[in-house]
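Notes follow once the structure below has been shown.
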Amino acid sequence: MRRLLAALALLFGLLAGRAAFAHEVRPAYLEIDQTGPSTYTAIWKQPVMGDVAIHLIPHLSNGWLDQPPGDQYATGGFLIRQWTVTAAGPSPLAGRTLSIEGLQDTITDVFVRIRLKNGEGVDTIVRPEAPQFRIDLKAGAPTAVSAFLLLGVEHILTGPDHLLFVLGLLLIVRDRWMLLKTVSAFTVAHSLTLAAATLGHIQLSTPLLNALIALSILFVAPEALRAARGGTSLTIRYPWIVAFAFGLLHGMGFANGLSTLGLEKGALLGALALFNVGVEIGQLMFLAVVLALIRAFRLMQLTWPRPVAALPAYAIGALGAMWTFQYSAILLGAT
């Protein structure tokens with residue numbers, strides 16, 4: 001089993017290495033509110049990496065967002081722009097097209113929230129594969145269940161750091177019962193801090209958090225090597241403890257997907273529950289694929305050379321080290 005997982009880890013590590021940074025999929029956010037009979041406020045939150053804002057520019061076909069913003073500032077890993085617009089007519093947004101320039105070149109989603117005085121509105125997610133959509137105010141204002149579920153699924157499946165950590169744990173786990181305890185511990189831990197961070201009860205700076213998450217990946221790599229060589233340690237004997245401890249950090253990383261959207265508390269609680277379910281679905285999908293491949297390799301009676309079994313742990317460690325240095329550099333630059 002461990003050799004099969006090793007081959008999977010190597011392949012996954014090579015694919016994950018294509019990304020310059022581990023898990024920068026914080027969504028951008030566009031909110032448009034009608035504040036008066038003919039006045040509207042638009043707020044655009046654009047993710048920032050260090051001092052560099054990801055190239056994302058929102059455009060409305062009525063030209064509202066093409067004029068200079070009335071206010072612009074940076075806070076909490078985001079560049080924020082705000083417009084105040086006066087527009088006559090009963091529904092100047094209906095049928096307009098929203099497009100996000102540069103979105104197709106990223107792995108970032110854009111959450112769009114539109115609210116009118118008459119109760120009409122839109123909640124949707126604009127994705128890189130379809131960077132524009134036509135505004136349909138009759139589609140209904142309530143938050144779309146599928147939007148937050150998909151956001152949770154994508155947040156983990158497009159996050160190689162989280163998946164590499166889980167895969168590293170799989171290299172350490174010795175049996176199915178221990179695997180169940182380890183995955184359960186990781187789930188409980190990240191669910192706790194996901195809720196706490198999203199609701200504002202705990203907070204770490206984004207560069208510090210990303211560096212610590214990267215460090216968790218670096219940590220499991222030598223433990224995986226030790227396990228493959230028949231060694232033992234506290235981590236190998238009780239991997240669920242490590243999964244729980246580092247899961248607390250990963251949960252705060254998951255919270256980046258929701259805490260910056262600016263939802264009111266009532267909507268945030270529902271979004272949090274759906275997002276967490278989506279994260280769990282994505283994690284189970286990943287585990288199901290890995291375990292299915294393990295089963296297939298066993299049926300084919302494949303064997304792997306000894307050097308191949310060691311390379312994946314080194315690949316996980318190298319990626320963890322690279323991301324740790326990258327985010328540490330950003331952290332030192334920010335301080």
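Selection of segment 99-119 for residues being under 19 Å from Asn62 (Cα atoms) and either hydroxyl-bearing (Ser, Thr, Tyr) or without any contact (Cβ under 8 Å) to a residue 40 or more places away in the chain (or both) yields only Ser99.
Looking at segment 170-210, which of the residues that are β-branched (Val, Ile, Thr) and part of a helix (DSSP H, G or I) is nearest to Ile236 (Cα to Cα)? For segment 170-210, the residue satisfying everything is Ile172. For beta carbons closer than 6 Å, sequence separation of 6+ or different chains, a first residue in segment 41-63 that is part of a strand (DSSP E or B) and of a type in the set (Ser, Thr, Tyr) and a second that is at pLDDT 90 or above and surrounded by 15 or more Cβ atoms within 10 Å (Cβ to Cβ), the qualifying pairs are Thr41/Asp33. Yes or no: Leu10 crowded, with 18+ Cβ neighbours inside 10 Å, outside the structural domain of Asp105 (by TED's automatic domain parsing) and either farther than 25 Å from Pro128 by Cβ or at pLDDT 75 or above (or both)? Spelling it out, Leu10 is indeed crowded, with 18+ Cβ neighbours inside 10 Å, outside the structural domain of Asp105 (by TED's automatic domain parsing) and either farther than 25 Å from Pro128 by Cβ or at pLDDT 75 or above (or both).
The condition (being of a type in the set (A, V, I, L, M), surrounded by fewer than 16 Cβ atoms within 10 Å (Cβ to Cβ) and under 25 Å from the mean Cα position of the chain (by Cα)) is satisfied by just one residue among Leu167, Leu209, Leu215, Leu180: Leu180.
A single member of Phe78, Phe111 is assigned by TED's automatic domain parsing to the domain that holds Ala53, aromatic (Phe, Trp, Tyr), farther than 24 Å from Met285 by Cβ and at pLDDT below 90, and it is Phe78.
Mind counting the residues in segment 282-333 that are touching a Gly at 6+ places or on another chain (Cβ under 7 Å) and within 30 Å of Ser205 (Cα to Cα)? Steps first, answer last, please.
As a first pass, look at segment 282-333 and keep what is touching a Gly at 6+ places or on another chain (Cβ under 7 Å): 282, 312, 315-316, 319, 330, 333.
Subset that is within 30 Å of Ser205 (Cα to Cα): 282, 315-316, 319, 330, 333.
Looking only at that region, the number is 6.
Cβ-Cβ contacts under 6 Å between residues 6 or more apart (or on different chains), taken from a first residue in segment 136-151 that is more than 17 Å from Pro27 (Cβ to Cβ) to a second residue that is among the basic types (Lys, Arg) and modelled with pLDDT of 60 or more, are absent. Selection of first residues in segment 311-335 that are in contact (Cβ under 8 Å) with a residue 12 or more places away in the chain and in the same structural domain as Ser205 (by TED's automatic domain parsing) and of second residues that are of a type in the set (D, E, K, R) and in a helix (DSSP H, G or I), restricted to Cβ pairs under 7 Å at least 6 apart or on distinct chains, gives the following pairs, ordered by first then second residue: Trp323/Asp161. Consider Thr158 carefully, then state whether it is of a type in the set (Val, Ile, Thr) and surrounded by fewer than 24 Cβ atoms within 10 Å (Cβ to Cβ). For Thr158, the condition - of a type in the set (Val, Ile, Thr) and surrounded by fewer than 24 Cβ atoms within 10 Å (Cβ to Cβ) - is met.
The values are calculated or read from the model by the stated rules, or taken from the named source; none is laboratory data. On a predicted model such as this, the values are computed, not experimentally measured, just so you know. Quick reminder, even Gly has a Cβ in these numbers, built from the backbone with ideal geometry, and neighbours come from all protein chains shown.
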